[in-house]
Structure formats: C-alpha cells, structure tokens
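Throughout, read-outs are computed from the coordinates displayed, never taken from laboratory work. Please read all numbers here as calculations on a predicted model, not as lab measurements. Using ideal geometry, Cβ is built from the backbone for each residue, glycine included, and neighbour counts are taken over all protein chains shown.
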Number of protein chains: 2
Amino acid sequence: MKREENKSGCPINYTVEILGDTWSLLIVRDMLALGKKTFGEFLESEERIGPSVLADRLAHLERKGILAKTPSETDRRKMIYSLTESGLNLIPLLYEVSSWGSITSPNPAAPDSWFEAMKHDKVLVQRLWREAVEAGSSFFLGPDSVVAKLGLDV
Amino acid sequence: MKREENKSGCPINYTVEILGDTWSLLIVRDMLALGKKTFGEFLESEERIGPSVLADRLAHLERKGILAKTPSETDRRKMIYSLTESGLNLIPLLYEVSSWGSITSPNPAAPDSWFEAMKHDKVLVQRLWREAVEAGSSFFLGPDSVVAKLGLDV
DNA sequence: AAAATAAATTTGATTATCAAAGTGAAATAT
DNA sequence: ATATTTCACTTTGATAATCAAATTTATTTT
C-alpha cells in the first residue's frame, strides 16, 4: 500500500488513505472498545500484530492526528496512547464497520453485549460510546462503559 | 496486505479483511454514488486505478459477495457489475466514511449536494440512498437519486 | 547487581502494488 | 468484407509494504 499519497480530494478517499489497511482500525477498536493504551496491550490483540507493524501504524495514526502519545507518569518506559478529537469522531464509522461485519459474517464472534447494544437506537449507542471514552471508560470496560449504562452484561 | 486470512472472528476484523485496502471502498463508492457498472467506467475514476489492480479488486469483491458480475445483453464484450444485498448494506458504512472524511479533511472536495445532504437526518439520507440504488439510480445521478429526492443541486 | 519488563528497531524473506505494455474477442466504421 | 476501434482484462518487471523472529536500549523490579 503506497501510503501518504493524495490521489484525490474525495472525503471517502481521504478516510481510506488514512484508515484503509489491515491494522489501523483494529488499533482504534482496541482503544475505543477495550480502553487499551500501551504498546504492550496492543501487541496482545487477538489478531497478533507484530511489533514492527504496530510501531509503524501507531506513528502513522499519530502523524495523521488520530491519536497522541505521551510518556507515562508512573513508569517512564511506558508510552500512553490516547485518541484525539478526530479519533473520537471515528465512533460512528467504527460502529457501522462492526455492524456490517456482524450482519454479514457467517460466524461473528463478539461479546453478547455488543449484539444486545445493536438492538438499541444507534444514535443513542454512539452517544453513550463517546461519553464512555470521554469519561475514561470504553465500550465494554469501566464504570462509564456503554455496557454499564445500558445495563447489558448483567 | 496478506488477504484471505481469518485472523479473528471479530466483526470489525471481518469487515477490515474484506474492505481494508486502498481501492475496494472506492469501487463501492463509484457504484453507490455515481452508478458505475463497467470495467471501463471504474478505470476512469478520479484516483486512477490501474487495470491489473482493478481486475484483482473486482474479483475479490465478487468472491466476498459484495458484488455480482453478469454479461451485458447489448454488448457481449461488456460485463455489468452490480451490488448484492451485502453490498447495498454498505451504505451506512460508506456514509460514515464520507462524513468523517468531510469533517476531518482540511480541504474536502465533493459536490455541494453532498455537504447539503449531510445537514439532513442521517437515517433519512441513508434510506433515500438505498431506495435510489434499488431504483437504478445512485446518490448523485438518476431520476431517483438522493440529490433529486432532497431537491439539492437545483 | 541481576533479572525482568516495556517500547520499540533491525533483518531478511515473502507478498502486494504499481505503471506500462500487450492480448483476444466483439463491435463499429469504411 | 476488411480494417479499426473498443472493451475487458492479463502479463511483466520494478518498487514498496508486510511479516515473524531476533535484537537493542532504557527503566523498573527483585
């Protein structure tokens, strides 16, 4: 994938040039859905991304303004990755990516609470998702998670 | 991109493994937004896809059940590509891809009618978009286009 | 002081992508 | 009827991305 080009000004092409690869959206998913924040946590993803590709994708997403990197205050080896405003704005997109995969895949594997959440109004779920992340939680985890607010996974 | 793998059952990963590349969503865009149907029309896209990559992506999307290929009845050289039900179901995803690109890109280039449409209720626009394609039109073109139904581009 | 942990980087092989040229069948023009 | 054009690809050879595995450097824990 010859990245960094500017093949056209089409907004769809813009998004695809930033996120159209195998790993970028999975990293964003790990942040938005599971609250992952460190290199080591991303390395442990279900899909087994390698460290060289991970480092490359994180640098790419940082340069494109999707996420930011700050040193941990408690452990100076660690870097903390967090989403920018543009990264948070990916919630509706990620919701539709997950939704299409859920209805199209012959055997989608996700927590039951995801499939339960899909039965609710999508605008509501997407708003709760943003509020969860802004409060330091994520879709599935934390006291302000979508799962907690909707009373799923009880 | 080592395609055809099954790295996990995650619905997001499922979608990304099918559509996570530079060209697949642009082909779907050309079909849904502009009503393109033939190899030659896709070749003329703004982003200048080459014939070898186009042939590969079309075969990929056909094998994944996003589109179908039938010989033209009027010209036996031509193949007509059309979207399947799964392909039509990409409308909400493509809408969000375009929406994120529109608010994130520093200089998005699209017809004014797209930006006008974004001001309307997204569920309405997505429903009109599907109806347009089902009626043989597309987002921008044809008597049943979204643009026509919303009275944009007058 | 030694061992473990964290965030990457390096290496060398495999795979995808690219632009440019070429192919064969069917339609159109002469 | 013949020549030319159109159309949907395929082939080719170079460039670029991706991969798993091993290594490096700095920090933290034992």
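So the values come out like this:
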item	result
Which numbered condition A:Met31 misses (of (1) aliphatic (A, V, I, L, M); (2) within 11 Å of chain B (Cβ to nearest Cβ); (3) away from DNA strand D (no atom under 11 Å from the Cβ))	(2)
Qualifying residue in the stretch A:65-73 (condition: in a loop (DSSP other than H, G, I, E, B), touching a residue at least 40 places away in the same chain (Cβ under 8 Å), within 16 Å of DNA strand C (Cβ to nearest atom) and surrounded by 20 or more Cβ atoms within 10 Å (Cβ to Cβ))	yes
Cross-chain or 6+ apart pairs with Cβ under 9 Å, the stretch B:4-21 first and more than 7 Å from every other protein chain (Cβ to nearest Cβ), then polar (S, T, N, Q)	B:Glu5/A:Thr22; B:Asn6/B:Asn13; B:Glu17/A:Thr22; B:Glu17/B:Asn6; B:Ile18/A:Thr104; B:Ile18/B:Ser24
Lone unmet requirement of (1) out of contact with any helix residue (DSSP H, G or I) (no Cβ under 6 Å at 6 or more places or on another chain); (2) more than 16 Å from DNA strand C (Cβ to nearest atom) for B:Lys78	(2)
From the options A:Ile18, A:Ile66, residue that is under 28 Å from A:Gly142 (Cα atoms), out of contact with any Cys (no Cβ under 8 Å at 6 or more places or on another chain) and among the β-branched types (Val, Ile, Thr)	A:Ile66
Test result for B:Tyr81, buried (at least 18 other Cβ atoms within 10 Å of the Cβ) and either assigned to a loop (DSSP other than H, G, I, E, B) or within 16 Å of DNA strand D (Cβ to nearest atom) (or both)	yes
Candidate set from the stretch B:48-64 (those that are within 13 Å of chain A (Cβ to nearest Cβ) and either under 29 Å from A:Pro92 (Cβ atoms) or touching a residue at least 24 places away in the same chain (Cβ under 8 Å) (or both)); member that is farthest from DNA strand D (Cβ to nearest atom)	B:Lys64
Any hit, the stretch B:137-154, residues being more than 11 Å from every other protein chain (Cβ to nearest Cβ), over 26 Å from A:Glu17 (Cβ atoms), more than 16 Å from DNA strand C (Cβ to nearest atom) and in contact (Cβ under 8 Å) with a residue 60 or more places away in the chain	yes
Complete set of residues in the stretch B:119-140 that are in a loop (DSSP other than H, G, I, E, B) and surrounded by fewer than 16 Cβ atoms within 10 Å (Cβ to Cβ)	B:Lys119, B:His120, B:Asp121, B:Ala135, B:Gly136
Checking B:Glu96 against (1) without any contact (Cβ under 8 Å) to a residue 40 or more places away in the chain; (2) surrounded by fewer than 18 Cβ atoms within 10 Å (Cβ to Cβ); (3) among the charged types (D, E, K, R), the condition it does not meet	(2)
Verdict on A:Ser45 being surrounded by fewer than 23 Cβ atoms within 10 Å (Cβ to Cβ) and either more than 9 Å from every other protein chain (Cβ to nearest Cβ) or more than 16 Å from DNA strand D (Cβ to nearest atom) (or both)	no
